[in-house]
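Just so you know, all these numbers are worked out from the coordinates, no wet-lab data involved. Here the structure is a predicted model, which means the values were calculated and not measured. We place every Cβ from the backbone using ideal geometry, glycine too, and count neighbours over all the protein chains shown.
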Amino acid sequence: MAKPDLNTYRDRMDKAISALKEEYSGLRTGRASASLLEPVMVEAYGASTPLNAVAAISVPEPRMISVSVWDKGVVAAVDKAIRSAGLGLNPIVDGTTLRIPVPPLTEERRKDLAKLAGKYAEQQRIAVRNVRREANEDLKKAEKAGELSQDDLKKLETEVQGFTDGSIKRIDEALKTKEQEIMQV
């Protein structure tokens, strides 16, 4: 076993932050956006499929999203997936097209979205902590194998903890920014 490369762990923590920002792009702040439907998964063809793999998503006007489903047999599944995605959207089915009016945000809906933003942030904090745990396990294995001294092990564990703290701080900052954006009327 070679000495673990800490940059791979740092990169994975950075990916967790990127994933969070990606999820936040789908959280709406009052206007229609195609990215709003990105997290929606549709039960189609015997598997869970991303919405954009079974339909074209467009934004014809600021408060309307249009979803053109390619296969007529999947329209009901797409409708159900959008309704149950927790986005507060109610599609209007028109043949193979779903028109989705984006309602203005109510105070209650803003609070729900802020809660959802918090949930996304917590998922990524957990991901970062899992990377930290894995890094520490790998460092301990390297120490057992004689690749690292105990002093090096402690120094590297401290460095990994530093990455972790920095990543969690960035996640918290992203959450704070998104909550302010959501709560802004």
What helix-only [θ] at 222 nm does the chain give? Using -39500 (n - 2.57) per DSSP H run of at least 4, over all residues, to the nearest 500, the answer is -19500 deg cm²/dmol
Ranked from fewest to most other Cβ atoms within 10 Å of their own Cβ, R10, R99 fall in the order R99, R10
Heads up, segment 69-140 by the C-alpha gyration tensor (a ≥ b ≥ c square roots of eigenvalues; a/c under 1.5 rounded, else a/b over b/c prolate, else oblate) looks oblate
Quick note, segment 19-70: a/c under 1.5 would make it rounded; otherwise a/b > b/c is prolate and the rest oblate (a ≥ b ≥ c, C-alpha gyration tensor); here it is oblate
Here the Cα Rg-to-2.2 N^0.38 Å ratio for segment 31-101 is 0.97
For segment 31-101 the mean separation of alpha carbon contacts under 8 Å (6+ apart) over residue count, i.e. relative contact order in percent, is 29 percent
Computed over the chain, the relative contact order (Cα-Cα under 8 Å, seq sep at least six) in percent reads 27 percent
Mean Cβ-within-10 Å packing, highest first, puts peptides 132-139, 107-114 in the order 132-139, 107-114
